[in-house]
Amino acid sequence: MDKAELESKLLAMIPVGNKGRTFSPQDLTARLTLDKGSNDYKALMKKINRTLTGWQNIGIGLVVEQKGRNNYCYWQSQKQRDNYFNKFKDDAMDEGQALGMYLLETHLAEVIPPRLKRLLELKFNAATEQLLGNDNVLNIVDEWKGQIQVNPYGIALQNTAEVDQQYEAVFAAIEKQQVLQVEYNSMHTQLNERGQLLSSESFTQKLISPQQMLWQNNQMSVLVIVHEQGKPDVFKSFALARLKNIKPHEGDQHYVKRQQNYTTEKVVLHLQTGLKNYFEQVKLAAGQRISHLQGEWWQLEADISFADSFHLNPETNQSKGPDYFYLVNLLSSYGPSVEVIAPKPMREQMAQRAKEMAAKYSQAVQEEE
């Protein structure tokens, strides 16, 4: 018996007002002629008690009285019963759906535009009440946590940045195709138009045409086209948490809508066996090819599409070429287990990172000695 059918039967059988009439879970099991010691009987009793406990804990007027070993139930009033179930009639969900909504809220809420997240609030609340409104024995979430973990980075990372206000403003501008004036706190030290050196604590004013919301490196970002007078348009990715004073631009700059260019390149990697096994499960590309070199080393070849980076010539629509940043970030985390063979610019970026890391730790070791 699925959850919707069970709730329907319980709604039909639980009386309103005591008046000598109550409902006991055994009333339903008897009607279904289930043997008391059978597995079906035990499973149904668990479902009934879980549902009744959830309804009781969220305060919708269900009274559960214990007499001996049995529980007897009734609704305090027809109005309380109907108000609740009419409110959620269109949002009824089984355990799988409730768990899916709970995971969406707890792991992907940052990706949902705030306006749409507010529309989902009732469903989130209903799912949470259904999953957490039970006692410890029947808590589905606790059971799930003991069996499955969602941990993409291998360690627990906590994203505490509050960016709903920024997200709301930027997403509205994407929908309306509106130019924004923003102040952006760059991660990098840079020179402004007066030749002054700006530290990472300084904010610079930008005019942007926001293009797309991005969830990357465990934070929300926005892909934008940056407009600077006398310079070609630039594609950049800005972290929402470092934007402030966002407002519609009132000048003569018109909104620009462009698709970011992508370039497909053949990537060749040499991998140790452990990493080769990993990339057989988590593929870099659907048509990737792996062949054995010698000993513990393997060659992976894959055709990968890279977003073209930064400066965009408005006349020729040409950019500076593929942006290897995120793949280089990923591969750098595997240290000596991987060697980039091609493309050459990506190999050079890997070599530069390795050189900088080696210099940093070499200096640290010398200082410690």
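Only counting other Cβ atoms within 10 Å, I'd like 298, 55 sorted with the fewest neighbours first.
298, 55
Pull up all non-local amide H partners of residue 249: gap of 5 or more, or a different chain, and H-to-H distance under 5 Å with H placed in the peptide plane.
The answer is 179, 180, 181.
Is the C-alpha gyration tensor of the stretch 262-368 telling us rounded, prolate or oblate? Criteria: a/c under 1.5 is rounded; beyond that, a/b larger than b/c is prolate, otherwise oblate.
oblate
Just how far, in whole angstrom, is the stretch 1-71 from the stretch 214-247 if you go by their alpha carbon centroids?
Computed from Cα coordinates, the inter-centre distance equals 55 Å.
Can you quote the Å³ per residue value for the convex hull of the Cα atoms in the stretch 3-87, rounded to an integer?
Enclosed volume per residue, from the Cα hull, is 94 Å³.
What does the charge count around residue 332 come to, taking other residues whose C-beta lies under 11 Å from its C-beta (Lys +1, Arg +1, Asp -1, Glu -1)? Walk me through the intermediate numbers first.
Details: positive: 353; negative: 356.
Counting the neighbours of residue 332, the net charge comes to 0.
Every number in this text was worked out from the coordinates using simple rules, so none of it is lab data. Computed from a prediction, not measured in an experiment: that's the story for all the values here. Neighbour counts run over all protein chains shown; Cβ positions are idealised from the backbone, glycine included.
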